[in-house]
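Bear in mind that the values in this text are calculations on the coordinates, not laboratory data. Please read all numbers here as calculations on a predicted model, not as lab measurements. Every residue, glycine as well, gets a Cβ built from its backbone with ideal geometry; the counts of neighbours run over all protein chains shown.
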Amino acid sequence: MPLSSMTGFARAAGHFEAYSWNWEVKSVNGKGLDIRCRLPYGFEGLEPEIRKRITAQFGRGNFQIGCHLSRHSGQGQLSVNREALDQVLAAISDIDAKVKTSPSSADGILSLRGVLELIEPEETDEEQATRDAAVLASFDQALTQLKHVRLDEGAKMKGVLAEAVTKIEQLAKAAHDVDAAQPEVLRARLKAQIEELMQTSPALPEDRLAQEAALLFTKADIREEIDRLQAHVTAARDLLAQDDPVGRKLDFLMQEFNREANTLCSKASDVELTQIGLDLKAVIDQAREQVQNIE
């Protein structure tokens, strides 16, 4: 599967006999797969199947699933609630005995709440199964739409990350080419620093001078950081070319990029090299924001 974002939104609608419904499926970035369902009364039994279908298609993301359902009236039969009717008639007789009122009409009595009821026919197990299948079929449509949205977003993010990796490669090469990072420049600077140390009073022992020289050279030499940056660039391009979910691996790789950029900045003793290190950190931070949304 190509690179996929964890962010997306989809809707799907459906109907079956007296029922109509609307699905809303939303996903955002997350460390794992988290599913939260909000289903109408009587449809809670569909949640295990909903979770199963999401798990089969997605590896990461926080999912919010909502279903709004309505049932159309007019499919049932009207029935008089005898108990409620008796209570109303008794109340009318009691009022008529105390206060002179106009005679009550049948349509007025039947219009009172609870006297006339609409009794919906009970669904058979087979009808419920057919209805649930139709509900889940439209849910699958929402999932398919969501998957396309996430893939489209992932394709855009892949282009952005590819540009960021190229920029990192260019900055690493620029750091390698800076005069202050060249071995002969480092040796000249080291020689001057050693001569300064030799003039200290009392003079440093030769073994101590050797230790100081090695320490100074190590602190100034950025060749190892450049080599690791170039290796990370290769690894990033390999990950972007894969069809498997690579979000976690890319996130780890961005941490490694950032570590090398920090070390380069700490070693920089030249304004140009420092600026390159800062530019590296800016590009890496922007890339890492994108990676946070990749599955």
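Mark the label point 7 Å from the Cα of Arg237 along Cα→Cβ and return the residues of segment 164-179 whose backbone N is within less than 15 Å of it. Within reach of a label on Arg237: 164-173. If a/c stays under 1.5 just call it rounded; otherwise compare a/b with b/c (prolate if a/b is bigger, oblate if not). Do that for segment 1-63, with a ≥ b ≥ c from the square roots of the Cα gyration tensor eigenvalues. Prolate is the answer for segment 1-63, as a/c is 1.5 or above and a/b outweighs b/c. For the listed residue pairs Lys26/Lys52; Lys52/Lys156; Lys26/Lys147, the alpha carbons are over 20 angstrom apart in Lys52/Lys156. In loop segments of segment 1-94 as defined by DSSP, the chymotrypsin sites (Phe, Trp or Tyr not before Pro) with at most 15 further C-beta atoms inside 10 Å of their C-beta are Tyr41.
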